[in-house]
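Following: one structure in structure tokens, then a few remarks.
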Amino acid sequence: MSGPEFDPITNDQNDRSQDSKRLRKEILDKVESYFLSVKKERQFVPGRTYLPASQKVLDASDVQYLISAGLDTWLTSGRFNDAFEDRFASTMGTKYALTANSGSSANLLAITALTSRKLGNDRLRKGDEVVTVAAGFPTTVGPIVQNGLVPVFVDVDLPTYNINTDAVKEAIGERTRAIFVAHTLGNPFDLGPLRRLCSDRSLWLIEDCCDALGSRYEGKQVGSWGDIGTFSFYPAHHITMGEGGATVTNDDRLATLMESFRDWGRDCRCPPGRENVCGNRFGQKFGQLPDGYDHKYVYSHLGYNLKITDMQASVGLSQLRKLPEFIKKRRDNFSRLWDGLRDLEGEIMLPQATAGSDPSWFGFPITVEVGADGQSRRRRLIEHLDDGRIGTRLLFAGNMTKQPCMEGIDHRVVGELANTDQIMYDSFWVGVHPGLDDEMLDYMVAKIKTFFH
Ligand SMILES: Cc1ncc(COP(=O)(O)O)c(C=O)c1O
């Protein structure tokens, strides 16, 4: 981080007297004592203790940061948010990181920014096509439609669960302007060929990294390959701030546009509670407004308010310090499940990391091969795991084109979505989050095995 070291615990603006500094320290010490007193050491009882597919992992310092932000009483985006954006950008190796109030909002900002008239001929116009997949989360697709663009769905590969690069090439037509796709459950999609394709064809590339914080492709962080990367900090994800998300980019124009759309559509970039940072607040002419109209109230876009509060940012900032150990645990947990389940190959399809990648897994996807009677066995396996108190999740929307929300929505499908349909019928995932230990993982493996043996 640039500038003086960030102190999350004291706030020189608020804690001006020795008394207030001492009181704040006392409160935060008590917060730690409280957290430790209520934190139950969970005794794992196989078959009785619920093992969720995803789970936040908090410690006392997360809560101290949260309370410290509360004591600041700034409430909106402030010093914690600035520090989070700064540190998140350096973690990602990007020039900019901008928070948003969810991963879905980050996705909305990414696509909406590309529609800005300020991008001239590079901008997305109504009816332009965006290539994506149907086997994923709905709010990767939603912002495409919400901006009057047309989603073009192609199939995914198994067992990587990621977009098929040849299908993308086939899908590109005269109106194709962008590719917007997620790294499925943390497994990076084929960034090398797709990055090259986008550069050659002048297509925007947006990476939905909501499930992939810390994943790498050819050694480089996902999110830093595309024009924009998006992230979610919902409690299920690699780090959390309750509700929250972020976009990252190296592009000055896109950073400015996403900030404008996030902050009511305004032209001015003064942070909340400040004005005239540019020193030219009353010296400019915009549209048909009178000369020198207050820049703080000039709107270059019809925008939103998708900012986060400093309480959210504070938890994110604290969690970010633990990201390397969270990622390591997710990778270790994934490997333990994979090794334990490998002899079930034939009954289930095991996931495979994309060549050249090092995923920071969000979950462990399993595709159940159909039974001898040709019938899907997924539901019975999920119910079997449910009986053993093991949480499962489907691969989100399965096949998005079959969801009720897509009725009457203009879209194109290129090729057969055969693997997507297989995922819709036969796939699910179990957890690899840092709240799972070896004993729990071994129990999960054993329980899955009893279904087949
Ligand atoms: C791939 C993907 N994109 C976007 C989102 C939306 O994130 P949020 O829940 O923060 O809105 C999710 C949610 O889990 C997701 O899995």
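Just so it is clear, none of the values below were taken in a lab; they were calculated from the coordinates. Everything numeric in this text was worked out from a predicted model, so none of it was measured. Methodologically, a virtual Cβ is constructed for each residue, glycine included, from the backbone with ideal geometry; neighbour enumeration extends over all protein chains shown.
Miscellaneous remarks
- Packing-based ranking, highest mean first, of 108-115, 206-213 given that Cβ atoms within 10 Å are counted: 206-213, 108-115
- Of the chymotrypsin sites (Phe, Trp or Tyr not before Pro) in the stretch 2-65, those whose Cβ has at most 13 other Cβ within 10 Å and which sit in DSSP loop: Phe44, Tyr50
- Sparsely packed loop sites in the stretch 403-450 (the trypsin sites (Lys or Arg not before Pro) outside DSSP H, G, I, E and B with at most 13 other Cβ atoms within 10 Å) do not occur.
- The loop-placed trypsin sites (Lys or Arg not before Pro) in the stretch 52-102, going by DSSP, that have at most 16 neighbouring Cβ atoms within 10 Å of their Cβ come out as Lys95.
- Within the shell defined by Cβ-Cβ distances under 15 Å, the residues around Thr139 carry a net charge of -4, with Lys and Arg each +1 and Asp and Glu each -1.
- Estimated FRET transfer efficiency when R0 is 51 angstrom, pair Tyr297-Asp358 (beta carbons, to 0.05): 0.60
- Summing +1 for each Lys or Arg and -1 for each Asp or Glu among the other residues whose beta-carbon sits under 10 angstrom from that of Gly214 gives +3.
- Calculated mean residue ellipticity, 222 nm, the chain: -11000 deg cm²/dmol, from DSSP H runs (n ≥ 4) at -39500 (n - 2.57) each, averaged per residue and rounded to 500.
- Subtracting the Cα-Cα distance of Trp264 and Arg196 from their residue separation scaled by 0.36 nm leaves 21.0 nm.
- Taking the DSSP bridge list for the chain and keeping only pairs wholly inside it, about 55 percent are antiparallel.
- Using the Karplus relation 6.51 cos²θ - 1.76 cosθ + 1.60 with θ = phi - 60°, the per-residue 3J(HN,Hα) values for the stretch 433-440 come to 5, x, x, 9, 9, 4, 4, 5 Hz, with x marking Gly and Pro.
- Cα→Cβ-extended label distance, 7 Å offset, between Phe452 and Glu5, nm: 5.2
- Amide H contacts for His238 (H built 1.01 Å from N in the peptide plane; partners 5 or more residues away or on another chain; cut-off under 5 Å): Leu213.
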